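The values are calculated or read from the model by the stated rules, or taken from the named source; none is laboratory data. For clarity, every value in this text was computed on a predicted model and none was experimentally measured. All Cβ positions, even for glycine, are placed from backbone atoms using ideal geometry, and neighbour counts span all protein chains on display. Only protein heavy atoms, including side chains, enter the accessible area calculation; ligands, DNA and RNA are left aside. Shrake-Rupley method; radii C 1.70, N 1.55, O 1.52, S 1.80 Å.
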Amino acid sequence: MKNVITLVSLFLLFGTAAFAQSLSGTVVDSAGGQGIPGAIVYFPELKIGTTTDSAGNFKMTSMPSGTYEMKVKILGYSTLTQQVTIKDNSTCTCNCKMGASCCSSNEVVITALGNITNTQRSPMPVDIVTHDMLLQSTSSTVIDAISTQPGVNMTTEGPGTTKPQINGLGFDRVLVLTDGLRQEDFQWGDDHGILIDPYAIYDAEIIRGPASLQYGASAEAGVISFKTQPFAENGTTQGSVLTEYQTNNGLIGTSVDIGGNHNGFVWDLRASNEDAHDYWDPKDGYVWGTAWQQDNARLTLGLIKSWGYSRISVSVLERRIEVPDGNRDSTGRFMYDAPQNGQLYPNKNAYMAYNPTIAGDKILGEMQTWWQNSINVGAGKLGIDIGFTQSIHHDIDTGTVGSGNFEVKDIPYSFNYKLSTDNYKLTAGVNGTYEFENNYAEPAAPYIGDFEIPNYTDFQAGAYAILQKDYKNLTLSGGLRYDYNNFVGQSMYLANAGTPEQAVVSASAPGAALQFPSFNNSYTGPSGSIGASYQLPDNNYVKLNVSKSFRAPSIDQLTSNGINIGVNAFQQGSLNLKAEEGYQVDLAYGNNGKDVSFEVDGFYNVINNFIFPVRVQSKVSGDSMMDGVPFFQYIANKAIITGFSGYFNIHPYDTKWIEIDNNFTYVYSYLPNQTDSTQHIPWTPAPRLTTEIKFKLTDKKSSILRNTYIEFGLTKDWAQNDIYSALYSEIPSLAYTLFNAGVGTNFVDRTSGRTICSLFINCNNLLNIGYADHLNLAQYFLAYNGSPVTVTNQSQGIYNMGRNVGFKLLFPIGGHKTQIAEKTMDMN
């Protein structure tokens, strides 16, 4: 708390300068020259925007000086992006001409690549998840909501434990950001979901591939950059109330947001809550141990002044989740691990309880403070970002006493300088984090502490430079980076290990056994990227990018030496592991036409010293705590990952009432010089196709409904037989097809045109198909009467959720007109 108060106090000191700049202009139709009312004019870096009036005019006051990327968007026109330079002590003018198009989201500004550009000119494949996509979906977490994008998948052990994959790689190899802040909340653990409030996320950029040089080693597979709500228009206070209900697990969600912008002082406050009981699937019925709940409060304060901008965000989140262990009796009925109140089996009330404390569960806490600054220096901008995060992990053993307790603290930092001209964009800087982890004390008997990793510190630093050159049709981009990573770990000794008398002791204590040795490991390495995109005639384009990646081993890969309670397996690391080094080529071809848009992206990735866990023996025995638990060890091998992904969207300009969107993902992995049972990387996703048909109803002036749509979709996953099958480390998965449907609309006041509320109804798995996704790790959880059993086929394990109907109601605060409501729903 002292750190937060200090940062807020320093932040307020920047608010003394006055504004002298403003920006005005007109947005017109390129064909007829008439003004376009209701167009959204938005500056992604500043997170502020406005809307054109009835004549197509706009004016924005309280603008900082400097060069910024501006985006203009409205339905029926192609999105326009251009650089705008705002000079000191002046009123600047920017007039825009927009061409007609049925699809307005073809060209989208992206900020996560270091230099601001757009999707069509970026050499790297980039997916954009708009606010409308998030709002119109039904999901448990924000990772769940983006997991059907091209090249993106997720691993899960239940509704609250989702983690992303990009191009077949996940965990520490995918860097997740929230407003530029690294999510360091136990990225390495199977059972540690990304701790983000889904209602706080406005949109997302997904970079597929290791070319995002400004983020370093953790971005080996790619980057998912989540963005929070844009600030209100200057001179206004606005917000929303969102409420949600899902039928399958009874999820009840509520989020309240309010924010304002008053002459450059911006603020936003959000509070959210989610509660869910156990989910249901056609094979298992209600799945014991899948209830969860989450609370989040988030405050952002900001200043936009003539010298630049400064904003500070403080977030406190707590997630409590059950992780299923699959314990059953001989008939397949779920059982308690140990009798509770004389009962062996959970009853209907237990399954339907919104209270995960009644079973073995986890309490995960995440506190974040993030201070971002951009200061005009000469012709460029100096970025200074620093933060503090604290992630707390408690494993709860059938009640209130923890058996695995530790915390991880991080101090992330970033210093960079950005220079942008009409043709060149340069970003250079230094960033990284200082991380320190501490295990809590041994719990009281009869509970036994589980020490999976030692107390350690991890210092990461990297220096980089990224240069982009734009010609009329050609964009060249490249950069270099050098990373340093230093782990220092403390030794730990246990007496009476694995018994109720277990205790942490000194090395000289009687019966002391070494749990973790002390160590000091350093890793250094370069990474780089060079790429180009070329705009061909008739809206065609081609992209090529070649990159080298570097990643140091994660702390669990180096030091694990105990049971990971969340995955019910003993895991053992190795301090002798070397850093991973990868080489990837990406090639893409696409078209952004008036009626059709598509892109096909192919990649080939070779990683030396690729680190992954393998099952080295079927069971651990001889220890009461570990008897029957599978044993996994981290090893390294050369790996090849290749595949392709893309989309094909039909949006006829002359038939605006229909839109058909399709995307696909195919990933193949190979481990050279291995046997048939060990030649594939574990958890390579199955091939997938998604299709969605959306019918848009015509608005009538006399109707209270606006922007009404009806959609139908399917998700087809093929069987995955390319697996690491040795000792049943991985089992093949069956093909499945899910059908989905949805409807949405805005209710408006016919007199004023103001939106009263928005309603979205979605049904996932419409036909209630019983299935287990290949990346559903809960399918490996099986025990009979408390004794772990090796799963040898999918029918033995836990299936994914059955039919689920979600209802969302969004009430805007401030009474936006329809066009403005569209802005608050989607500025992408």
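With a cut-off of 16 Å on the backbone N, the residues of the range 566-592 near the modelled label site 7 Å out from V600 along Cα-Cβ are 586-592.
Across the range 52-60, coupling constants 3J(HN,Hα) worked out from phi with the 6.51/-1.76/1.60 Karplus curve, θ = phi - 60°, read 5, 7, 4, 9, x, 8, 9, 8, 10 Hz, and Gly and Pro carry x. Its convex hull of Cα atoms gives the chain a direction-averaged projected area, equal to a quarter of the hull surface, of 33.0 nm².
Net charge in the neighbourhood of W280 (other residues with Cβ under 15 Å of its Cβ; Lys, Arg +1, Asp, Glu -1) is 0. Neighbours of G253, meaning other residues whose beta-carbon lies under 9 angstrom from its beta-carbon, give a summed charge of -2 when Lys and Arg score +1 and Asp and Glu score -1.
Among the listed pairs K227/K696; K87/K656; K381/K656; K71/K716; K381/K409; K381/K638, a Cα-Cα separation exceeding 32 Å is found for K87/K656; K381/K656; K71/K716; K381/K638. Taking a ≥ b ≥ c as the square roots of the eigenvalues of the Cα gyration tensor, an a/c ratio of 1.5 or more together with a/b no larger than b/c marks the range 194-266 as oblate. Once the C-beta distance of V377 and T93 is scaled by a Förster radius of 25 Å, the resulting FRET efficiency is 0.45 to the nearest 0.05. Phi angles across the range 759-776 convert, under the Karplus curve 6.51 cos²θ - 1.76 cosθ + 1.60 with θ = phi - 60°, into 3J(HN,Hα) values of 10, 10, 10, 9, 10, 9, 6, 4, 8, 6, 6, x, 7, 10, 5, 4, 9, 7 Hz, Gly and Pro given as x.
Each Cα pair under 8 Å and six or more residues apart adds its sequence gap; the mean of these over the residue count of the range 729-801 is a relative contact order of 30 percent. Applying 0.36 nm per residue to the separation of A513 and T85 and subtracting their alpha-carbon distance, the gain on full extension is 147.5 nm.
Computed with a 1.4 Å probe over protein heavy atoms only, the accessible surface of the chain comes to 37 Å² per residue.
Between the beta carbons of T792 and K696, assuming R0 = 56 Å, the FRET efficiency works out to 0.70 to the nearest 0.05. Alpha carbon centre of the range 526-546 versus the range 723-756: separation in Å? First find each Cα centre; the distance between them is then 32 Å. Between L759 and I635, the distance separating the two model label sites (each 7 Å from Cα on the Cα→Cβ line) works out to 5.8 nm. Multiplying the residue separation of I386 and T421 by 0.36 nm and removing their Cα-Cα distance gives an extension gain of 9.9 nm.
Averaged over residues, the count of other Cβ atoms within 10 Å places the peptides 23-36, 338-351, 221-234 in the sequence 221-234, 23-36, 338-351, highest first. For I635, nonlocal amide neighbours, meaning residues 5 or more places apart or on other chains whose placed amide H falls under 5 Å from its own, are F612, V614.
With the highest mean first, a sort of the peptides 524-533, 150-159 on other beta-carbon atoms found within 10 angstrom per residue produces 150-159, 524-533. Taking 0.36 nm per residue of sequence separation and removing the Cα-Cα distance, the Y245/N341 pair yields an extension gain of 31.4 nm.
The simple spin-label model puts a point 7 Å past each Cα toward its Cβ; for N520 and L734 those points are separated by 5.6 nm. Indicate the gyration tensor shape class of the range 157-298 (rounded, prolate or oblate), computed on the Cα atoms with a ≥ b ≥ c the square roots of the eigenvalues: a/c under 1.5 is rounded; otherwise a/b larger than b/c is prolate and the rest oblate. Oblate is the answer for the range 157-298, as a/c is 1.5 or above yet b/c matches or exceeds a/b.
Per-residue ellipticity at 222 nm computed for the chain from its helices equals -1000 deg cm²/dmol, with DSSP H segments shorter than 4 residues left out and the rest contributing -39,500 (n - 2.57). Close amide-amide hydrogen proximity is noted between T236 and N261, each under 5 Å apart and 5 or more residues distant or on a separate chain (H modeled in the peptide plane; Pro and chain starts excluded).
Distance from a point 7 Å along Cα→Cβ of F265 to each backbone N in the range 207-239: keep the residues under 17 Å and list them by number. Zone members listed by number: 232-238.
Of the solvent-accessible surface of the chain, computed with a 1.4 Å probe and all protein chains present, 57% belongs to carbon and sulfur.
Our coupling estimate for the range 674-689, obtained by passing each phi through the Karplus curve with A = 6.51, B = -1.76, C = 1.60 and θ = phi - 60°, is 10, 7, 4, 8, 10, 9, 10, 5, x, 6, 6, x, 6, x, 9, 10 Hz, Gly and Pro reported as x. Under 5 Å from the amide H of T228 lie the amide H atoms of D179, Y202, each residue being 5 or more positions distant or on a separate chain, with H modelled from the backbone and absent for Pro and chain starts.
The label point for Y482 and the one for N273, both projected 7 Å from the Cα toward the Cβ, are 5.4 nm apart. Plainly put, the range 426-531 has a radius of gyration that is 1.30 times its Kirkwood radius, both from alpha-carbon atoms, as the Rg/Rh ratio. Compared with the dominant principal axis of the Cα atoms in the chain, helix 2-12 is inclined by about 10°.
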